[in-house]
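Chemist: I have a structure I would like to understand better, so I am pasting it below and will then ask my questions one at a time.
The values are calculated or read from the model by the stated rules, or taken from the named source; none is laboratory data. Model, not experiment: these values are computed from the prediction. All Cβ positions, glycine included, derive from the backbone under ideal geometry; neighbour counts span all protein chains shown. Ligands, DNA and RNA are stripped out before the accessible areas are found, and what is left, the full protein with its side chains, is counted by its heavy atoms. Shrake-Rupley method; radii C 1.70, N 1.55, O 1.52, S 1.80 Å.
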Amino acid sequence: VQSCYFPIVQSGGEYDFKVSAQSNSGDVKYDVITVSLGARYQMYCSNIARTLLVDPPKHVKETYETLLGVYQSCLKAMAPGYPLKAVYGAAVKYLRSEDKEDLIASLPKTMGFSVGLDFRDPLLVLNAKSTVVFREGMVFNLALSFAGIKLSESARSLVNSKSAVKELSKYGLVIADMVSITSNGGEFMTKYGKALTDISYTINDEDEDDDGDEDGKLARKIAQEEEANPTGGRRSGRLAANSSSAADAEGAAERERRQIQLMARRNEERLRELARNSGKKKGDEKTAKAEELDSYKRTKDLPDNVLPNQVKVDMANQCVILPICGNPVPFHISTIKNVVLPDPDAAAYLRINFYTAGMAVGKDAPENIAKLVQKYAPYATFIREMTFR
């Protein structure tokens, strides 16, 4: 299983639900957290997205329930014979029927796309204009979201003062699943919980204000005094278990914090080491500089028997000639990380992976390639993989 893109994690009121989006640069805030993940297995792609609600106010819960209702309405519209634009129409119709017309402006222009060997088919997009008809056997990624929803001050005032939701002025919600078009309509392929009870968490209890409940106030007062000045008396097994689990959670959080600090320290040491090595001007010139790869000096040096859409190996010049838009483009064999045949017995697809920046080169990589990747990483664009059918 491989990743189709870097997982996207967003929080703190900054949300972008496009597939090309990136995670927030800052730390995750425990308010409204959106997570998107794409995976590829045997050349076929998939995608899923969920929203995690931490200490959600009532307004956020109600909006999420509305999104779930829109999701079910769109799923019913994904049936053989219906046009793709029916999905967008079903979402708008549901919001109007629930008197939520203000949320129509928060809907995305594209509510999903067809998924297969290509992660996104630009000709099969779930928008308001597509007239292509759903057919049995098609697979889509249904992705619905509300973006830029404002959270009023009155709604934030209802949450605990320690909650990060206090600082949230606007938020977004997203749900995405793989849907297969069958004779009975659309069916989910990514069957993971998305109900409110599955994705909602409370880590800061609401401020307690029990006016007239003298017994409750007295009980809380005694509990606070006991916590501040323990008497050593008998405690129930349930309280002891809760205390133990809280201590374990704090210990786990402390260990995680130390691991993050240790990783940051190791990365800093590694960067210093690389800086020292690159700063050395003495020593063997051959090992200090990377040797540029030069298979062909001119285009006329390419073999004469190369066809426009043919993958050819030139052993004499140690390169592989790959067709890009019908044009032969040579790649030195040392730039290739590995070659994958998903099904060797009936190989219809060939995937070639290259050494690229932003990921571990590996110990098996040629030393010169590792130096070239490090040299061009700051400003060059790398090809990660190419697939041929």
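Chemist: Output the number of residues of the range 313-335 satisfying the condition of being over 36 Å from the mean Cα position of the chain (by Cα) and either in a strand (DSSP E or B) or of a type in the set (Gly, Ala, Ser) (or both). First the steps, then the outcome.
Modeler: Looking only at the range 313-335, we keep the residues that are over 36 Å from the mean Cα position of the chain (by Cα), and these are 313-318.
Still in the list and also either in a strand (DSSP E or B) or of a type in the set (Gly, Ala, Ser) (or both): 313-314, 316.
Number satisfying all stated conditions: 3.
Chemist: OK, next. Here is a list of conditions, (1) within 27 Å of GLY185 (Cα to Cα); (2) open to solvent by 50 Å² or more (accessible area, probe 1.4 Å); (3) charged (D, E, K, R), and LYS61 meets all of them except one; can you say which number that is?
Modeler: (1)
Chemist: Also, quick follow-up: Restricting to the range 125-148, and then to whatever is of a type in the set (A, V, I, L, M) and surrounded by fewer than 19 Cβ atoms within 10 Å (Cβ to Cβ), can you tell me which residue is nearest to LEU173 (Cα to Cα)? Write out each step before concluding.
Modeler: Keep residues of the range 125-148 that are of a type in the set (A, V, I, L, M), which gives 125-126, 128, 132-133, 138-139, 142-144, 147.
Still in the running and surrounded by fewer than 19 Cβ atoms within 10 Å (Cβ to Cβ): 128, 132-133, 139, 147.
Values: ALA128: 20, VAL132: 28, VAL133: 28, VAL139: 23, ALA147: 7 Å.
Within the range 125-148, the match that is nearest to LEU173 (Cα to Cα) is ALA147.
Chemist: With the requirement that a residue be more than 15 Å from the chain's Cα centre (by Cα) and small (Gly, Ala, Ser), what does the range 1-60 give you?
Modeler: GLY12, GLY13, GLY26
Chemist: Go through the range 261-303 and give me each residue that's among the basic types (Lys, Arg), in a loop (DSSP other than H, G, I, E, B) and at pLDDT 80 or above. Spell out how you get there, then give the answer.
Modeler: Quick first cut of the range 261-303, residues among the basic types (Lys, Arg) only: 265-266, 270, 272, 276, 280-282, 286, 289, 297-298, 300.
Then keep just the ones that are in a loop (DSSP other than H, G, I, E, B); that gives 280-282, 289, 297-298.
Answer for the range 261-303, where residues must be among the basic types (Lys, Arg), in a loop (DSSP other than H, G, I, E, B) and at pLDDT 80 or above: LYS297, ARG298.
Chemist: Only one of GLY38, GLY26, GLY13 is in a loop (DSSP other than H, G, I, E, B) and in contact (Cβ under 8 Å) with a residue 40 or more places away in the chain; which?
Modeler: Values: GLY38 fails: in a loop (DSSP other than H, G, I, E, B); GLY26 fails: in contact (Cβ under 8 Å) with a residue 40 or more places away in the chain.
The match here is GLY13.
Chemist: Another question about this same structure. Scan the strands (runs of 3 or more DSSP E) fully inside the range 104-203 and keep the ones with 2 or more residues being of a type outside the set (Phe, Trp, Tyr), closer than 16 Å to ALA77 by Cβ and touching a residue at least 60 places away in the same chain (Cβ under 8 Å).
Modeler: Details: elements: 112-114, 121-125, 139-150, 170-182, 185-188.
Counting at least 2 such residues, we get 139-150, 170-182, 185-188.
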